[in-house]
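So the structure is just underneath, and the comments pick up after that.
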Amino acid sequence: MKTIVCILALFLWGCKKPPVEIIYTIYVQNNSNKLVYHQEVDIYPNPTIPDKPQGVGGILPGAVAMYDSRVPWREVIEKFPSDTISIILFDPDTVKFYGWETVRKEHMVLKRWDVDADYLEERNWTFVYPE
C-alpha cells in the first residue's frame with residue numbers, strides 16, 4: 001500500500017512543470033569599433049541628460065547590451081511620460097576628458113533615440129549603433 005501511495009505521489013508532483021519565467025529584452029548593438037557608454041532614461045520630452053551617470057554601462061565593439069524586464073516592454077514604455085523610452089550613447093573618451101557635468105550640459109552624445117514601443121517592435125526590440 002505504501003508503495004502505491006509513493007508512486008502516486010511521485011506521479012502527481014513529478015509531472016508538474018516548474019513555472020517558466022519570461023524575460024523581455026531590449027538590445028543595444030554596438031557595431032562600431034569603439035567602446036560606447038549607454039544609458040536608458042524615461043524623461044522624454046525633457047532633452048536633458050540625468051544629473052548623475054547612474055545606470056551607465058559600457059558596450060564593447062561588436063557586443064550587445066541588454067535591458068531586461070519581467071513585464072513586457074510595451075507595458076513598461078506605455079507607463080513612461082509620453083509613452084517614450086530614451087537610449088543615449090556616449091563616447092567614453094569624451095566623458096573622461098570633459099566630465100559628466102559638461103557632457104550633460106552640452107549634450108555631448110554619440111546618439112540618442114527617443115522612441116515608442118511601436119518603433120522598437122518593428123525593429124525586433126533592438127537599437128543598432130551606428131545605424
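The values are calculated or read from the model by the stated rules, or taken from the named source; none is laboratory data. Computed from a predicted structure; not experimentally measured. So basically every Cβ, Gly included, is an ideal-geometry build from the backbone, and we count neighbours across all protein chains shown.
Here are a few things to note about the model shown:
- Criterion: modelled with pLDDT of 95 or more, on the phi < 0 side of the Ramachandran plot and surrounded by 15 or more Cβ atoms within 10 Å (Cβ to Cβ) - qualifying residue of THR84, THR94: THR94
- Scanning segment 73-112 for residues that are more than 19 Å from GLN54 (Cβ to Cβ), touching a residue at least 12 places away in the same chain (Cβ under 8 Å) and under 16 Å from the mean Cα position of the chain (by Cα) yields TRP73, ARG74, ILE77, GLU78, ASP83, THR84, LYS111.
- Helices (runs of 4 or more DSSP H) wholly inside segment 60-109 containing at least 3 residues that are among the charged types (D, E, K, R): 73-79, 100-106
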